[in-house]
Amino acid sequence: MVEDVYMSSAPTDRPNATAASLLGFLYWQPLSGGDLTKLVESSIANFWNVTRSQIYRELRTLTTQGLIESSEAGARGRRTFTITDQGRVVFKQWLNEQPGPDLMRSPFLLKFFFGILLDRQTVEDFVQSYRQDNKKRLDYFRQLMPQIAETDPIPAHVAKLGIAIQETILDWVDTIPWEHWEDRS
């Protein structure tokens, strides 16, 4: 029964967000694990941290739960995954739930928060690397927007937020009060 699969999927009575996102991609079309990884990396990985190993772990779990089916292994062990009717129901149930609060995890901000305990050069190196990473993300979103604006307006709207966030981060970096760091050597 669909409800039994849904209820037993996790202690929280629903699939975790990573598993649900994979169901979402498979909702549109059957995909291999490699194809799913590429899609995740070029889309939701910009705001949802998912590793390759998590993807394959979740694919195994979703298959065991009957929410997706796997083809026989082809060349180089490649399998194609297809969402089942049960998987569609579970995904739609998950999708209809309130998302809850956003959770931010930033290794940079965590180190920066305690950065006054570091010498200024170390913090400047961290900031320079952070700036470069965020500039790359900004460039990626700006390049992506014209490619998807007409065909995928909802993901394009997410990319628009990505642009605004990256611009805000870069503006913030430019206003760091460096005068509070003194060389403590």
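The values are calculated or read from the model by the stated rules, or taken from the named source; none is laboratory data. Because the structure is a prediction, the values reported are computed rather than measured. Cβ atoms come from the backbone with ideal geometry, glycine included; neighbour counts cover every protein chain shown. These area figures cover heavy atoms from the full protein model, side chains too; ligands, DNA and RNA do not enter into them. Shrake-Rupley method; radii C 1.70, N 1.55, O 1.52, S 1.80 Å.
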Within-13-Å neighbourhood charge of G24 [Cβ basis; K, R +1; D, E -1]: +1
Accessible carbon and sulfur surface of the chain relative to its total accessible area, %, 1.4 Å: 56
Once the Cα gyration tensor of region 32-95 is diagonalised, semi-axes √(5λ) in Å: 18, 18, 9
Length gained when the stretch M145-E72 is fully extended (0.36 nm per residue, less Cα-Cα span): 22.6 nm
Distance-filtered residues of region 120-143 - backbone nitrogen under 16 Å, label point 7 angstrom along W178 Cα→Cβ: 120-132
Counted charge near Q143, where neighbours are those whose Cβ lies closer than 12 Å (Asp, Glu -1; Lys, Arg +1): +2
Qualifying trypsin sites (Lys or Arg not before Pro) in region 80-185, DSSP loop, other Cβ atoms within 10 Å at most 10: R105, R184
C-alpha long axis of helix 120-148 to longest principal axis of the chain, angle in °: 50
Degrees separating the helix 153-173 axis from the principal Cα axis of the chain, which is the longest one: 20
With Cα atoms, 0 to 90° folded angle of helix 17-28 axis to the chain main axis: 60
Choice from D133, D35, D102 with maximal GNM fluctuation in the chain (Cα, 10 Å cutoff): D102
For the chain, built as a Gaussian network whose Cα springs stay under 10 Å, the top-fluctuating residue of F114, F126, F91: F114
Residue-normalised accessible area of the chain, given per residue in Å² at a 1.4 Å probe: 67
Added length on full extension, which subtracts the Cα-Cα distance from 0.36 nm per residue, T64 to L117: 14.2 nm
Inter-part distance where region 100-130 and region 137-185 are each reduced to a Cα centre, Å: 16
Kirkwood estimate for the chain, i.e. one over the average of 1/r between Cα atoms, Å: 19.2
Among A164, A156, A75, residue whose mean-square fluctuation peaks in a GNM of the chain (springs only between Cα atoms under 10 Å): A75
³J(HN,Hα), Karplus 6.51/-1.76/1.60, whole Hz, each residue of region 30-43, x for Gly, Pro: x, 9, 7, x, x, 5, 4, 4, 4, 5, 4, 4, 8, 9
